Amino acid sequence: MLAEVVPGVVQAIRDAGGRFHVNVAHADGLERCEIGPIEMAVPAVDADRSRLVEAVAQAEELSTAVPGVASYRSPGPGSIHRILAEGLRRKAATGGPRAVIYAAENHNHAAEILAAAVLEEVPAAERTAVRARVRFLNTVIGKMSGVVTDADAIRDRNMATMAPGYPRAFLVEAFNRILISQIRFDEMPGEPAFQRGIRVFEEKPDLLPFEEAKLYGHNATHALAAYLGFLLGVPTIAELPQVPGVLPFLRAAFIEESGAALVKKHAGLDPLFTPAGYAAYADDLLARMVNPNLLDTVARVGRDPARKLAWDDRLVGTMRVALAAGVSPERYAMGAAAALAFMAESRTPPAANALPALLDRLWADAEVAPDEREAVGALIVTAVHRLARWAKAGYPPLERFWTTV
């Protein structure tokens, strides 16, 4: 069963007999896939919500897939955390099957945040029984995807819309390597060991390093690519290889700044955290980012720049990890400067003397150590000046310019 808050989507899939379409971007073209039949439910509708609660009580594997961890809580009985709490209480009371919940949101501690929200809705006397029946799991999903709404793009690429008559198309890359937290249930007499039905997932005893590689490697470099594209007037990520110097700059940021820091921090944990392993990871992702069949736009990847400039998020967070490892993250500082320009809807970032107050506002809710704040801010100020010189020079090949100024 699938819960969806947009009634139009639910009705379109119901009208299509519970089937919908996804377009899969391969390196050599698009594949149209039909999925279903599935059962759809709207959490705000009482009858649908009752069915969702019962589905939770009977399920062994569940997943969230919402814009962010803030979406776990919402007003009213249809909130994700309330439906899960009610279903898990029923599961515990009736001896329903043990379950795992995959938190698919792009946050290093999504599972912990979801678990806390759900358990707050469970009466204290029932929490031990509920905890025994469920595990909340973090995920690392290094895929790229989007929703295409441009009718001309859908027609020209011969994409299948989500459902007949519905003017949107799902577009995802061909990717299925998903990492999850290791599942640890206590042994219970007479109860078989928990077995996942989704076999392709890969469990990791310590998922956080891989989450950091996703956020401070993949996401950070993807955002950097988008903000550079904005400065250069390039509308899609796939067009960036045509601009001399951009891909070498992105690769250097990925490997020499993010990679150098994370390889040092997590050395010995996994082959990923070696110079060769991280370089291979970076090269694979860079090739996938610029796949022309993804139709990935600078506007989509760069959206919500304030969130991406947050103290713990992909740009500033990467800078902090690098600084802690003794690496100077000058290229990601350039990404932060370019993100400030994107936020201002101008190819020119705010003036250097306006940056301290602006950064303080962006980081107002974070616990910021003064010396770390000073180091990060100084790098961004320097990047603003370098960005201005790059623009004044007519945007010459970036990596060559960067290493000579």
Report task. Would you mind checking the tilt of helix 314-324 against the longest principal axis of the Cα atoms of the chain, expressed as 0 to 90 degrees and rounded to 10? Result -> 70 degrees
Report task. Enumerate the calculated ³J(HN,Hα) couplings along region 48-55 in order (Karplus 6.51 cos²θ - 1.76 cosθ + 1.60, θ = phi - 60°), each rounded to whole Hz, writing x wherever the residue is Gly or Pro. Result -> 5, 5, 4, 5, 5, 4, 5, 5
Requested in this report: Extending each Cα 7 Å along its Cβ direction at F401 and I183, get the distance between those two points in nm, one decimal.
Outcome: 5.1 nm
Report task. Subtract the Cα-Cα distance of R389 and A325 from 0.36 nm times their separation in residues, and report this length gain in nm to one decimal. Result -> 20.2 nm
Query raised in the report: Counting other Cβ atoms within 10 Å of each Cβ, which trypsin sites (Lys or Arg not before Pro) in region 153-255 have at most 11 and sit in a DSSP loop?
Result: R177, R184, R199
Query - Environment charge of V45, counting only residues whose C-beta is closer than 12 Å and scoring Lys/Arg +1, Asp/Glu -1 - result: -1
Report summary line: Hits in region 298-335: amide N under 19 Å from the 7 Å Cα→Cβ extension of V172, namely 301
**Report entry** Residues I141, I35 arranged by fewest to most Cβ contacts within 10 Å
**Finding:** I35, I141
Query raised in the report: Which percentage, to the nearest 5, of the DSSP beta bridges contained in region 2-204 is antiparallel?
Result: 45 percent
Query - Among beta bridges that DSSP assigns inside the chain, antiparallel share in %, nearest 5 - result: 45 percent
Requested in this report: Per DSSP H run of at least 4 residues, take -39500 (n - 2.57); add these up for the chain, divide by its residues and hand me the 222 nm value, nearest 500 deg cm²/dmol.
Outcome: -13000 deg cm²/dmol
**Report entry** Pairs of lysine residues in region 208-402 - Cα separation under 26 Å, sequence separation of 8 or more or cross-chain
**Finding:** 5
Requested in this report: Estimate the FRET efficiency between T149 and A352 by the formula 1/(1 + (r/R0)^6), using the beta-carbon distance for r and 45 Å for R0, to the nearest 0.05.
Outcome: 0.75
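Around F210, under 10 Å between beta carbons, what's the net of Lys plus Arg minus Asp minus Glu among the other residues?
Combined, the nearby Lys, Arg, Asp and Glu give -3.
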Query raised in the report: In nanometres, what is the gap between the two model label sites at I198 and R361, each 7 Å from Cα along Cα-to-Cβ?
Result: 3.9 nm
Query raised in the report: When DSSP beta bridges are limited to those with both residues in region 118-229, what percentage is antiparallel, rounded to the nearest 5?
Result: 70 percent
Report summary line: For region 285-392, listing GluC sites (Glu not before Pro) in a DSSP loop whose Cβ sees at most 16 other Cβ atoms within 10 Å gives E345, E367
Report task. May I ask for the distance between the Cα centers of region 287-334 and region 21-72, given as a whole number of Å? Result -> 28 Å
Query raised in the report: By how many degrees, 0 to 90 and rounded to 10, does the Cα axis of helix 330-343 deviate from the longest principal axis of the chain?
Result: 70 degrees
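Can you give the extra length, in nm with one decimal, that the chain gains between A299 and V6 once fully stretched, where that is 0.36 nm per residue apart less the Cα-Cα distance?
Here the segment from A299 to V6 would lengthen by 103.2 nm.
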Report summary line: Shape call for region 76-119, from the Cα gyration tensor axes a ≥ b ≥ c (a/c under 1.5 means rounded, otherwise prolate when a/b beats b/c, else oblate), comes out oblate
Query - Fewest-first sequence of E61, E191 by Cβ atoms within 10 Å of each Cβ - result: E191, E61
Query raised in the report: What list do you get for V140, V66 if you sort them by fewest beta carbons within 10 Å?
Result: V66, V140
**Report entry** Structure-derived Cα Rg over 2.2 N^0.38 Å - corresponding label in [x] 1.06; [y] 0.92; [z] 1.14
**Finding:** [x]
Query raised in the report: Nearest 0.05, what FRET efficiency do K264 and R32 give at R0 = 51 Å with Cβ-Cβ as r?
Result: 0.70
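Quick one: net charge around F185, please, counting Lys, Arg +1 and Asp, Glu -1 for every other residue with C-beta under 10 Å from its C-beta. It would help to have the intermediate numbers written out before the result.
Numbers: positive: R98, R133, R135, R184; negative: D186, E187, E191.
So the surrounding residues net to +1.
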Report summary line: Given a Förster distance of 45 Å, the FRET efficiency implied by the Cβ-Cβ spacing of A125 and A369, rounded to the nearest 0.05, works out to 0.65
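Computed from the coordinates by the stated procedures, all read-outs in this text should not be read as laboratory data. What you see is a predicted model, and the numbers here were worked out from it, not measured in a lab. Glycine gets a Cβ as well: all are built from the backbone with ideal geometry, and neighbour counts include every protein chain shown.
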